[in-house]
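One structure below.
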């Protein structure tokens, strides 16, 4: 465990003992990373802020059930953020037909398009966001940890309660499904080779 991980783990232990200042430091330590992840999945800053707040609230509420990976609660936070964004997207579908019926200037960018334009490095793009929604909850969590947040497959598997082999199989199937949803191999962005990110098994 490196020095930074040691410091984060110490803050977490103090938080479990009821030290609110330690939890505040933990929030400051991981807030930006969690927000960036939420922005990628939600497509707009307002929803990303809400998702970030919800993820940390869940971290505190479920603190006795959090899986710590290599001394860090960040993987758990990122999985929770993925869940929050997914649930928010489900709720938003109820309003889509109404919004689509409203008159709109075709030359004006929508909210999601505007985020992609303004934050090209912080967004996976609307087509991939929509394609990710076709995955199961676990597959979306796994894909987000490995391909969007660059965690090794083995670490992602731990936080999701999977074996490394099962995680690799799920990632392969997810890539196949995403290729189909995006219209073939050319629609899927270049992604790292999964075997290079996990332990061979």
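No lab work stands behind these numbers, since they all come straight from the coordinates. The structure presented is a predicted model; accordingly, all values stated were derived computationally and were not measured. Cβ placement follows ideal geometry from the backbone for every residue including glycine, while neighbour counts extend to all protein chains displayed.
If packing is taken as the mean number of other Cβ atoms within 10 Å per residue, what is the order of 129-137, 10-18, highest first?
129-137, 10-18
What's the FRET efficiency of residue 53 with residue 134 using the Cβ-Cβ distance as r and R₀ = 35 Å, to the nearest 0.05?
Values: r = 27 Å, r/R0 = 0.77.
Plugging the Cβ-Cβ distance into 1/(1 + (r/R0)^6) gives 0.85.
Say a paramagnetic label sat at a point 7 Å from the Cα of residue 63, along Cα to Cβ; which residues of the stretch 1-45 have their backbone N under 14 Å from it?
9-28
Expected output is a single nm value to one decimal: the length gained when fully extending between residue 150 and residue 87, i.e. 0.36 nm times separation in residues minus the C-alpha distance. What is it? Can you show the working numbers first?
On the way: separation 63, 0.36 × 63 = 22.68 nm, distance 2.30 nm.
Stretched fully, the residue 150-residue 87 segment lengthens by 20.4 nm.
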